[in-house]
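To start, the structure under review is shown below, and the notes come after it.
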Amino acid sequence: MVAIPTQPEVSDEVIFIKGARMHNLKNVDVAIPRNKLVVVTGVSGSGKSSLTMDTLFAEGQRRYAESLSAYARQFLMRMDKPDVDYIRGICPAIAIEQKVTTRTPRSTVGSMTEIYEYLRLLYARIGRTFSPVSGKEVKKDSVSDVVDYIQSLAHGTKVQIMVQLVTRYGRGLTEELDILMHKGFTRVYSRAEGNKAFRIEDILSGETLVGEKELYILIDRIVVKDFDEDDIHRLADSIQTGFYESEGECILETNSLELHTFNNRFEADGMVFEEPSPNLFSFNNPYGACPQCEGFGQVLGIDDDLVIPDKRLSVYEGAIACWKGEKMGEWQKAFIRNAAKFDFPVHKPVAALSESEYDLLWNGNSKVSGIRDFFDMVSQNLYKIQYRIMQARYRGKTSCPTCKGTRLRPEALYVKVANATIANLLSLPASDLYEWFEHLELSAHEQAVAKRILLEIDQRMKTLLEVGLGYLTLNRLANTLSGGESQRIQLTKFLGSNLTDSLYILDEPSIGLHSRDTERLIGVLKSLRDLGNTVVVVEHDEMMMREADYIIDMGPLASHLGGEVVAAGNYEEIIGNKMSLTGQYLSGALSI
Ligand SMILES: [Zn+2]
């Protein structure tokens, strides 16, 4: 007896496949309801993939390609028409496969989800730079900062806007003054000679004499009052001139007494800092990438794990693999002897050493030779074959010493938001990072500037947690993810895209998931459906079938004994269908 699957009416509400014959499919007619979550199930080899990937997806892709211009089409893979009479009502198809497609080795969870891009924007907008020398915040003054300062002074305060007069390129004072006059400046001001202003013209003509000490170019004088718009323009102009003429340092003198220096260079402690910009935080960009490892986070060097393969051992027990044998063993003895003077615990397992103890072991000091000293000795003896072998044995990819594996140039890590660098955030598991953002306190101004960015981050973080990937860190490399993990990350992207009226096809997305995560995944697939998409899932998972709007059961058996639609309908209909093996298992009538 031939099974007659219950089919929805052929209408606009369905994608109707007529006469599918790919591989083992036996001239299959099947209707797939649109804008629903549809599970295609059946034993392995029953024709599930032939129907979904090789027929439905292939035709969806082909139709999409045909809608493009001939020019655009040449960039797409040539797709053969699947062996099928026709498919009616198909929409653009997107297959989300488990296999990891070729990606750049730099791609990470952060870049796949776009969260990294938004974090970069966030740091560029509201990140604050701190000097690694003093720990003080690096600030630069803008013209409006100076205007604000002047407006905050008491009415009646006399303010002089000026800059230091510096003679440049070996020029004498007269020559310098001559140039200044040609630039349009008319007066200088001396703090050394009674806080007085002098006309440059008079000095040049020899009428007055003035010393070079504490001499300033006087740009403007003003008395503080309720400034009108014109006053403010004039102030801003003068301050701008000051910054320009002095290459960044504008000085105010108030009431012929106090000096206030404003700096519009981004400097502190004798260091020049980079102003935060999105590219400063990108390891994919030459500007932001660590110069030593070029943004890979790893360099070839002495590999800690090869030198100390078993960190449960102490130095005394021979944890340092390269300090063995008659000759090299002397290094271990010397270390034990000398390190004792610095209270180094030679009997403590390496794993239990404090940071400073571990540092002594590697870097030594003036009295103790550490592991690095040992390898320096090795590299000086490379003309001998046994040393070359020694070096090769312990060389490997190791965390880059310049960026400590963060892949960013040091300047990027001077910038913080709420006391955290972008590298700190990227190394947190997504669930912890989400919490960090929940507790993030920003000033009203920062809040306003970052509002949009924070929304985008929040939405993406939420979906990442919803699909059960809260344990991943954003700096996790894409090529180390499992197929299921990368599939779910791709899903988060489509969820955010608000693309509608598309056909999504997924191949066993629940593989390797705990039931709680499967539940979340189903939630995501339903959201995708509710956005107005058709979601077709090849799946055996019972929970997935129970939650599906429609189930298509392929079979009855594998290869030439399969290739037919045995049953189709909602969960209850499948359970009630005696022809459906899947239904019988689900209802408990059969057990595996
Ligand atoms: Zn580096």
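Numbers below:
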| read-out | value |
| --- | --- |
| Assigned charges on the beta-carbon of Lys, Arg, Asp, Glu; the chain dipole about Cα centre (debye) | 2180 debye |
| In sequence order, calculated HN-Hα J values of region 557-568 (Karplus, 6.51, -1.76, 1.60; Hz; x Gly/Pro) | 10, 8, 6, 6, 8, x, x, 10, 8, 7, 7, 8 |
| Whole-Hz ³J(HN,Hα) from phi, Karplus 6.51 cos²θ - 1.76 cosθ + 1.60, for region 291-299, glycine and proline x | x, 6, 9, 6, x, 8, x, 10, 9 |
| Exposure rank, largest accessible area first [T157, T406; 1.4 Å] | T406, T157 |
| Residues of type lysines that K213 reaches as a straight line, Cα spacing below 20 Å, ignoring anything fewer than 8 places off in the same chain | K196 |
| Under 5 Å, built H, 5+ apart or other chain: amide partners of T129 | V138, K416 |
| Region 299-399: Rg to Rh, with Rh as the Kirkwood radius over Cα pairs | 0.95 |
| Label point at A65 placed 7 Å out along Cα→Cβ; residues across region 40-57 whose backbone nitrogen lies under 15 Å | 54-57 |
| For the chain, Cys with no neighbouring Cys Cβ under 4.7 Å | C91, C250, C322 |
| Around R63: net Lys/Arg minus Asp/Glu count, Cβ-Cβ under 14 Å | 0 |
| Largest-first ordering by accessible area, 1.4 Å probe, given options V368, V43, V299 | V43, V299, V368 |
| Nearest-ten-degree value, helix 115-126 long axis tilted from longest Cα axis of the chain | 20 degrees |
| Debye intensity ratio in log₁₀ form over the Cα atoms of region 151-208, taken at each q of 0.16, 0.18, 0.25, 0.28 Å⁻¹ | -0.59, -0.71, -1.13, -1.30 |
| Reach of K140 by Cα under 18 Å, taken over lysines that are not fewer than 8 positions away in the same chain | K416 |
| The chain, relative contact order in percent, only Cα pairs under 8 angstrom and at least six apart counted | 24 percent |
| Loop chymotrypsin sites (Phe, Trp or Tyr not before Pro), region 390-493 (other Cβ atoms within 10 Å of the site Cβ: 12 or fewer; DSSP) | Y471 |
| Solvent-accessible surface (1.4 angstrom probe) belonging to M271, in square angstrom, nearest 10 | 50 Å² |
| Length gained when the stretch A420-E441 is fully extended (0.36 nm per residue, less Cα-Cα span) | 6.3 nm |
| Mean ellipticity per residue at 222 nm, deg cm²/dmol - from DSSP H runs of n ≥ 4 across the chain, formula -39500 (n - 2.57) | -10000 deg cm²/dmol |
| Accessible carbon and sulfur surface of region 478-581 relative to its total accessible area, %, 1.4 Å | 50 percent |
| In region 296-327, the chymotrypsin sites (Phe, Trp or Tyr not before Pro) that fall in loop regions by DSSP, at most 15 other Cβ within 10 Å | Y316 |
| Mean shadow area of region 141-265, taken as a quarter of the surface of its Cα convex hull (nm²) | 7.7 nm² |
| Whole-angstrom Cα spans of the chain along principal axes, big to small | 121, 80, 45 |
| Backbone N under 18 Å from the Y387 label point (7 Å along Cα→Cβ), restricted to region 351-371 | 369-371 |
| Rounded tilt (10° steps) of 229-245 against the dominant C-alpha axis of the chain | 80 degrees |
| Region 129-187: chymotrypsin sites (Phe, Trp or Tyr not before Pro) in DSSP coil with no more than 12 other Cβ atoms inside 10 Å | Y169 |
| Shape call, region 126-186: gyration tensor on alpha carbons, a/c limit 1.5 | oblate |
| Solvent-accessible area of H155 with every protein chain in place, 1.4 Å probe, in Å² to the nearest 10 | 120 Å² |
| The chain - accessible surface per residue (Å², probe 1.4 Å) | 51 Å² |
| Range in the chain, longest, excluding exposed GluC sites (Glu not before Pro) [loop by DSSP; at most 11 other beta-carbon atoms within 10 Å] | 10-206 |
| Dimensionless Rg ratio for region 350-448, taking C-alpha atoms and the 2.2 N^0.38 Å reference | 1.63 |
| Residue-wise HN-Hα coupling along region 199-211, computed from phi with Karplus coefficients 6.51, -1.76, 1.60 (Hz; x: Gly, Pro) | 7, 4, 4, 5, 5, 5, 7, x, 5, 10, 10, 8, x |
| Förster radius 25 Å - calculated FRET efficiency between H260 and M181, Cβ distance, rounded to 0.05 | 0.40 |
| The chain - share of DSSP beta bridges that are antiparallel (%, nearest 5) | 75 percent |
| Peptides 555-561, 521-527 ordered by average Cβ neighbours within 10 Å, highest first | 521-527, 555-561 |
| Segment E247-R191, length gained on full extension (0.36 nm per residue, minus Cα span) | 18.0 nm |
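The values are calculated or read from the model by the stated rules, or taken from the named source; none is laboratory data. What you see is a predicted model; the values in this text were computed from it and never measured. Neighbour counts run over all protein chains shown; Cβ positions are idealised from the backbone, glycine included. The accessibility values were calculated without ligands, DNA or RNA, using every heavy atom of the protein model including side chains. Shrake-Rupley method; radii C 1.70, N 1.55, O 1.52, S 1.80 Å.
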